[in-house]
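Just below is one structure, and these are the notes that go with it.
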Amino acid sequence: MHGYDGHPEIELALARLYEATKKQRYLTLANYFVEQRGMEPHYYDIEYEKRQQSCVPKSDGTPWMIKSKAYSQAHLPLSEQRTATGHAVRFVYLMTAVAHLARLRQNEQQRQICLRLWQNMVRRQIYITKAIVSQGAGEAFSSDYDLPNDTAYAESCASIGLMMFARRMLEMELDGRYADVMERALYNTVLGSIAFDGRHYFYVNPLEVHPKTLRSNGIYNHVSPVRRRWFGCACCPPNIAAFSNRLVIKSTRPASTRSM
Ligand SMILES: [Zn+2]
């Protein structure tokens, strides 16, 4: 079946699997997914047509993937993209894989895609805390310099994904600016989103919150003034827990065996 996943994630895993096994087919498959994304006719449209005719009732709402191709990072081939667009977690997960592929394959075109989209993101679409995602609608990037403090989404997972992307950029370019982004995102939006008890989390991390106003104004529906135990869409707690766990394991090793 020729197609690609709805949420970029398998690509970065396949690139890691290639590094562990040196089996070329994993790298080839990761690269196939990256290159197919955004090509026309859109895979999601073809798949949606098929499913409507078979198993999906017509009364169902049109999925986000069909309404907004940017939501699934499938609006354009990466080679034609000029800005960080659409669902931000999907974007940084995808770009983590592209930066890894660029290094592993010594591919200059993929390197240029990474540099161009990274620069758009960190120069025009990032908060001072190194959070990304300026709107709750579609959990998405907005446009250049549209960075509201109070309605920001600034999802915890997006900052973890940003750190993963930054790590692959750092490995590709050996430039300390990537590490600076990682560090600031780590302290402000990743570690900052988990409570001291380790059991309560922020899903969104706006820079400005007025607790009394939240309940009376619908534009703040996504904002919580306190960290919560769980979420209907439970991506952030396990992502933060897994990430923090790796940090704890590394920081409790004896200094002589500690790696960066
Ligand atoms: Zn999340």
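Observations on the structure shown:
- Any chance residue 65 is open to solvent by less than 50 Å² (accessible area, probe 1.4 Å) and not polar (S, T, N, Q): no
- First in the stretch 213-239 and touching a residue at least 12 places away in the same chain (Cβ under 8 Å), second anywhere and polar (S, T, N, Q), Cβ under 8 Å, 6 or more apart: 219/151; 220/151; 220/213; 223/151; 227/193; 236/156; 236/193; 239/156
- Some residue of the stretch 213-231 being touching a Ser or Thr at 6+ places or on another chain (Cβ under 7 Å), within 16 Å of the ligand (Cβ to nearest atom) and either modelled with pLDDT of 95 or more or in a loop (DSSP other than H, G, I, E, B) (or both): no
- Look at (1) within 16 Å of the ligand (Cβ to nearest atom); (2) open to solvent by 90 Å² or more (accessible area, probe 1.4 Å); (3) modelled with pLDDT under 90 and you find that residue 252 fails only one, number (1).
- Across the stretch 162-209, the qualifying residues are those that are among the aromatic types (Phe, Trp, Tyr) and within 16 Å of the ligand (Cβ to nearest atom), and the one among them that is least open to solvent (accessible area, probe 1.4 Å) is 165.
- Only one of the numbered conditions (1) in contact with a helix residue (DSSP H, G or I) (Cβ under 7 Å, 6 or more places away or on another chain); (2) open to solvent by 40 Å² or more (accessible area, probe 1.4 Å) is not met by residue 154, and that is (2).
The values are calculated or read from the model by the stated rules, or taken from the named source; none is laboratory data. The model shown is predicted, which means the values in this text are computed figures rather than measured ones. Cβ coordinates were reconstructed from backbone atoms using ideal geometry, including for glycine residues, and neighbour counts include every protein chain displayed. These accessible areas exclude ligands, DNA and RNA; they are computed on the full protein's heavy atoms, side chains included. Shrake-Rupley method; radii C 1.70, N 1.55, O 1.52, S 1.80 Å.
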